[in-house]
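The values are calculated or read from the model by the stated rules, or taken from the named source; none is laboratory data. Here the structure is a predicted model, which means the values were calculated and not measured. In this analysis, Cβ positions are derived from the backbone assuming ideal geometry, glycine residues included, and neighbour counts consider all displayed protein chains. Calculation scope for accessible area: heavy atoms of the full protein, side chains included, ligands and nucleic acids excluded. Shrake-Rupley method; radii C 1.70, N 1.55, O 1.52, S 1.80 Å.
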Amino acid sequence: MSKSRSRGFDRHALDGLGILRTVVESGSFVRAGEALGLTQSAVSRAVARVEDRVGVRMFRRTPRSISLTDEGLRFYESVAPHLAAIEDAAIEAGGSSTKVRGRLRVLIDEGIGQFVLTPRLEPFLEQHPDLSVELAVRDRMVDLVREGFDVAVRFGHPEPSSLKSRLLMRTHVVTCASPAYLERHGTPRRPRDLEKHRCVLMRNPSTGSHYEWEFIRGKKVVPVNATGQLMVNGSGSLIAACLAGQGITQLIELYVREFLADGRLVQVLPDWAEETYPLYAYHHSAQWMSAKVRAFLDFVVALARE
């Protein structure tokens, strides 16, 4: 091992790690330089010094783009939470009254954004005026570090991951249709009756097919072969199709509560609606959690309790 690599990380090395993080978050050396007030060559030299100290190549570079190498990704996953915590400690040590600041990137699915977070986010933003929040919709979970996200909030069961997951709530899955559809086609009395109806289906991004339907009452589970001409990949489209009378569908109760309350939708087979779907928040190591992530998690936990 060279002498330079055997030494601890001094202030310049710490600065280099901060520059490295900006490159990852911005996606290019040029944009990182603009954000930091440095030239592209200065950013490139700082990254090269980190690479020399660590002994791995951090980025794959092409004329059009950069991306983390496998070794670079593992290193960045290890240091990124620590850098955020160091920034928070520096703010607190400096006597700043605003500890939650910067940009918070949150990965969500469409329904969470449309029906849960966006309508209720204003008090959180007012409480933290130096924080900006970016809500990014994806139809599946992605690598938070590689894609530059701080936290994710998504329905569904967690997949194996190094991320920490926190169960926020469980909501029922409801089967519903518009009054106009039921008037034309009749109301199903048993789960298997649905196999004779037009169903609006939700695409499962993991399989490319639709999510399977099943009905639960006590210990009894009845799978149903739901079919239909229309399949969508977002909750907003699913609700719109159902409201328009295009068929029967299954939705998360949290999304359609107001439509059921005002009669625009009618729940079908309410006695077979014991299936629940979990909502989770995902984040990096709790030991080195940044103030902005901690504040956001506290917010969504309180929101889920409502």
The range 19-46, residues that are buried (at least 17 other Cβ atoms within 10 Å of the Cβ), within 23 Å of HIS82 (Cβ to Cβ) and small (Gly, Ala, Ser) = SER26, ALA32, ALA46
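Checking the condition of a type outside the set (Asp, Glu), out of contact with any Lys or Arg (no Cβ under 8 Å at 6 or more places or on another chain) and open to solvent by 60 Å² or more (accessible area, probe 1.4 Å), which residue from ALA273, ALA244 passes?
ALA244
Results for (1) within 32 Å of the chain's Cα centre (by Cα); (2) free of Cβ contacts under 8 Å to residues at least 40 places away in the same chain, shown as yes or no for each residue.
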{"residue": "THR187", "(1), (2)": "no, no"}
{"residue": "PRO191", "(1), (2)": "no, no"}
{"residue": "MET202", "(1), (2)": "yes, no"}
{"residue": "THR207", "(1), (2)": "yes, yes"}
{"residue": "LYS220", "(1), (2)": "no, yes"}
{"residue": "PRO223", "(1), (2)": "yes, yes"}
Any hit, the range 135-156, residues being free of Cβ contacts under 8 Å to residues at least 12 places away in the same chain, open to solvent by less than 80 Å² (accessible area, probe 1.4 Å) and not in a loop (DSSP other than H, G, I, E, B) | no
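Only one of PRO223, PRO191 is surrounded by 18 or more Cβ atoms within 10 Å (Cβ to Cβ) and farther than 21 Å from ILE108 by Cβ. Can you tell me which?
Criteria check complete, one pass: PRO191.
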Of the residues that sit in the range 81-124 and are under 18 Å from the mean Cα position of the chain (by Cα), at pLDDT below 90 and within 23 Å of LEU20 (Cβ to Cβ), which one is most open to solvent (accessible area, probe 1.4 Å)?
-> ARG103
Residue check, MET231 against (1) of a type in the set (A, V, I, L, M); (2) out of contact with any helix residue (DSSP H, G or I) (no Cβ under 9 Å at 6 or more places or on another chain); (3) at pLDDT below 95, all met but one. Which one?
-> (3)
Please determine, by comparing only the residues of the range 47-74 that are part of a loop (DSSP other than H, G, I, E, B) and of a type in the set (A, V, I, L, M, F, W, C), which one is least open to solvent (accessible area, probe 1.4 Å).
-> MET58
Pairs, first closer than 20 Å to VAL30 by Cβ and touching a residue at least 12 places away in the same chain (Cβ under 8 Å) in the range 52-73, second open to solvent by less than 90 Å² (accessible area, probe 1.4 Å) and assigned to a loop (DSSP other than H, G, I, E, B), C-beta under 6 Å, six or more apart | ARG57/THR69; GLY72/MET58
